[in-house]
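Readers should treat all values here as calculations from the given coordinates under stated rules, not as data from a laboratory. Not measured: the values here are computed from a predicted model. Please note: Cβ atoms are built from the backbone with ideal geometry, for glycine as well, and neighbour counts cover all protein chains shown.
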Amino acid sequence: MLESLFTSTAATVDLTLGTALLTIFVSIVLGGLVSLTYMKTNASEYSQGFALTMVMLPTVVAIIILLIGSNIASAFSLAGAFSIIRFRSAPGNPKDITYVLFTMAAGLACGTEHYAYAVLFTLILCILMFVLNKTNFGARRTQIKTLKVTIPENLGYEEAFAEVFNVFDVPYELKKIRTTELGSLYELVYSVTLSESVNQKEFLDAIRSRNGNLDLSLTMSPTANEF
């Protein structure tokens, strides 16, 4: 009895209205579950459009698989039609791409009428996503940031802040030097690696005491063009 739940009937039974409705219902439920998991594990940065897409994508894929069935000619025709499509949206981060593949796999499983397997692997992967998010798996214990410091021209920039970096145990690399205010000031750009143990306020206060309280900034997410 239990084994029969995991046995596909797609190869032996023609497409019927009941089968189509069941496939659509299951794929919508699974898509909603994956979308809810995505929103809960990306509470601060998820987009509504992407969340809605993940609800619909399994259903779309399942319907396509149902309509194709075992018809090879239809499969090649569909591949030709989809090759015309060009996606204009910017690529997402790896986690978003994983969720897209996740929803497509759920839709494929529903389209081939492996409903029990679709529910099973969806539940397992959703639980896995929650566990990885709660444990903060893969998070860096250090952060690479950009420190910009303005100093007067009479302060030697080569070793101006070496003592501060050593006291706070902050690895650093001087990336850029430029003059400002008609050469009366220097702007130094450092790449610094801050660990969780570093008190950033105390670190910046120590820098300020050395540069005469001139401008400084610490960029949280440095990009290549900043250097």
Exercise for the section: Please find the FRET efficiency linking L123 to S197, where r is the Cβ-Cβ separation and R0 is fixed at 41 Å, and quote it to the nearest 0.05. Expected result: 0.60
Exercise for the section: Pull out the extension gain between V167 and D205, defined as 0.36 nm times the separation in residues minus the alpha carbon to alpha carbon distance; nm, one decimal. Expected result: 12.4 nm
Exercise for the section: Work out, step by step, the length gained on full extension between Y157 and M220: first 0.36 nm times the residue separation, then minus their alpha carbon distance; give nm to one decimal. Expected result: 20.4 nm
Practice task
Can you tell me the FRET efficiency between K134 and I64 if r is taken as the Cβ-Cβ distance and R0 is 41 Å, rounded to the nearest 0.05?
Solution key: 0.70
Problem - Cβ crowding within 10 Å averaged over residues, with 140-151, 157-168 ranked highest first - result: 140-151, 157-168
Problem - Potential extension, A20-L36 segment - 0.36 nm per residue separation minus Cα distance - result: 3.3 nm
